[in-house]
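The values are calculated or read from the model by the stated rules, or taken from the named source; none is laboratory data. It should be emphasised that the depicted structure is a prediction, and the values quoted were computed from it without experimental measurement. Note that each Cβ is placed from the backbone with ideal geometry, even for glycine, and that neighbours are counted across all protein chains shown. These accessible areas exclude ligands, DNA and RNA; they are computed on the full protein's heavy atoms, side chains included. Shrake-Rupley method; radii C 1.70, N 1.55, O 1.52, S 1.80 Å.
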Amino acid sequence: MVKKYNWLWLDLVVMIGLFISSSMPYHAQSLVPELNTLLPAHSGWAFLNHIDFYWAAQHVSIQAMGLSGLVEFFLRKLAHFGSFFLFGLAAFLGLRDWVKPRWLRLVLTLFSSTGVAAFDEFHQMLTADRTPLFQDVMLDTVGALLGILVALLVASRRRQHKKRAATR
């Protein structure tokens, strides 16, 4: 019985992690001090000088943020994307016994992922030293969508493999 809910348990763990993370002020989570000690301040990072764009109103570049700030920015966005990739994947797989049409499960999973992302950003708005961003909700939604698509791709491959095995 517990195995039946494993994917949904994983979703719960992801949501608890998001809640804990959103509850912490930025300065308590910042990796910049550690990155300053780990990353060399010169040479081999010249290729990163070409990164220069705006995320919301934040200028993202080495010149604006420093090397450690830039690396932390990408780590934080990767954490957003990765958390919701996992959330979307697990929700899609976890709901397969309850929501049979795949298209409906895809829609419900995507909407619930977007809702969780929006709630996470709202929660950040209530936390000191945190900035809620619509762009992060969109990044999270894309992560969830990719997780769902990977689940669909793997399921499709498994079905094809089973059909080939049955015809042998």
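Return the residues of the range 90-111 that are surrounded by fewer than 19 Cβ atoms within 10 Å (Cβ to Cβ), assigned to a helix (DSSP H, G or I) and in contact with a Leu (Cβ under 8 Å, 6 or more places away or on another chain); say none if nothing qualifies. If the condition is that a residue be surrounded by fewer than 19 Cβ atoms within 10 Å (Cβ to Cβ), assigned to a helix (DSSP H, G or I) and in contact with a Leu (Cβ under 8 Å, 6 or more places away or on another chain), then 102, 108, 110 are the ones that fit.
Note on the range 112-126: residues that are surrounded by fewer than 20 Cβ atoms within 10 Å (Cβ to Cβ), assigned to a helix (DSSP H, G or I) and either more than 17 Å from the chain's Cα centre (by Cα) or among the β-branched types (Val, Ile, Thr) (or both) amount to 2. The set of residues from the range 6-22 being farther than 12 Å from residue 93 by Cβ and open to solvent by 50 Å² or more (accessible area, probe 1.4 Å) comprises 12, 13, 15, 16, 19, 20. Is there a residue being at pLDDT below 95, open to solvent by 30 Å² or more (accessible area, probe 1.4 Å), part of a helix (DSSP H, G or I) and in contact with an Asp or Glu (Cβ under 8 Å, 6 or more places away or on another chain) anywhere in the range 41-63? Yes. Beta carbons closer than 7 Å, at least 6 apart along the sequence or on distinct chains, pair a first residue in the range 6-19 that is assigned to a helix (DSSP H, G or I) with a second that is charged (D, E, K, R) for 18/120. Of 140, 129, all but one fail to be among the charged types (D, E, K, R), open to solvent by less than 30 Å² (accessible area, probe 1.4 Å), under 25 Å from residue 18 (Cα atoms) and in contact (Cβ under 8 Å) with a residue 60 or more places away in the chain; the exception is 140. Inclusion of residue 77 among residues that are loosely packed, with under 13 Cβ neighbours inside 10 Å, touching a residue at least 24 places away in the same chain (Cβ under 8 Å), assigned to a helix (DSSP H, G or I) and not hydrophobic (A, V, I, L, M, F, W, C) is not warranted. Put simply, of 135, 160 the only residue that is touching a strand residue (DSSP E or B) at 6+ places or on another chain (Cβ under 8 Å) and open to solvent by 50 Å² or more (accessible area, probe 1.4 Å) is 135.
Selection over the range 23-40 of residues that are open to solvent by 90 Å² or more (accessible area, probe 1.4 Å) and among the hydroxyl-bearing types (Ser, Thr, Tyr) gives a count of 1.
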